[in-house]
Amino acid sequence: QVQLVESGGGLVQAGGSLRLSCAASGTIFSINLMGWYRQAPGKQRELVATITNSGTTNYADSVKGRFTISRDGTKNTVYLQMSSLKAEDTGVYYCQGRKARDYWGQGTQVTVSS
């Protein structure tokens, strides 16, 4: 089993920044991809960014140039640095870890006020 715990969410004004963290524990060996998804009220969960073990990253078009995903292997932690935040970035942000299947954290709320 893999446990993922997110932190760092909160309320921020438009144009501001936040950094989310996701700490992985349990049987994390062979997790080959980690990522962030978000879900706004009334909408489906959507991809924000992913990063592979080799460091290859992928971003949703809506966040390119504003968000940066990174990982610290020594701490088994993945980060999402979010800058130039917009009201439409509001939602619950979920951490994902992939082995044979996807594991999910409980989510952290990000609210951007305009």
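So the values come out like this:
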{"read-out": "Cβ pairs under 9 Å, 6+ apart, first in region 6-34 and among the aromatic types (Phe, Trp, Tyr), second part of a loop (DSSP other than H, G, I, E, B)", "value": "Phe29/Lys99"}
{"read-out": "Enumerated strands (runs of 3 or more DSSP E) restricted to region 13-114, each holding at least 3 residues that are modelled with pLDDT of 95 or more", "value": "18-26, 33-39, 46-52, 57-59, 67-72, 77-82, 91-98, 108-113"}
{"read-out": "Residue within region 50-61 that is open to solvent by 60 Å² or more (accessible area, probe 1.4 Å) and touching a residue at least 24 places away in the same chain (Cβ under 8 Å) present", "value": "no"}
{"read-out": "Region 1-17: number of residues that are crowded, with 16+ Cβ neighbours inside 10 Å and touching a Leu at 6+ places or on another chain (Cβ under 7 Å)", "value": "4"}
{"read-out": "Condition broken by Thr90, with the remaining ones in (1) under 21 Å from Ser113 (Cβ atoms); (2) open to solvent by 40 Å² or more (accessible area, probe 1.4 Å); (3) over 11 Å from the mean Cα position of the chain (by Cα); (4) in contact (Cβ under 8 Å) with a residue 40 or more places away in the chain satisfied", "value": "(2)"}
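The values are calculated or read from the model by the stated rules, or taken from the named source; none is laboratory data. Computed from a prediction, not measured in an experiment: that's the story for all the values here. In this analysis, Cβ positions are derived from the backbone assuming ideal geometry, glycine residues included, and neighbour counts consider all displayed protein chains. Protein only, heavy atoms only, side chains kept; ligands, DNA and RNA dropped before computing areas. Shrake-Rupley method; radii C 1.70, N 1.55, O 1.52, S 1.80 Å.
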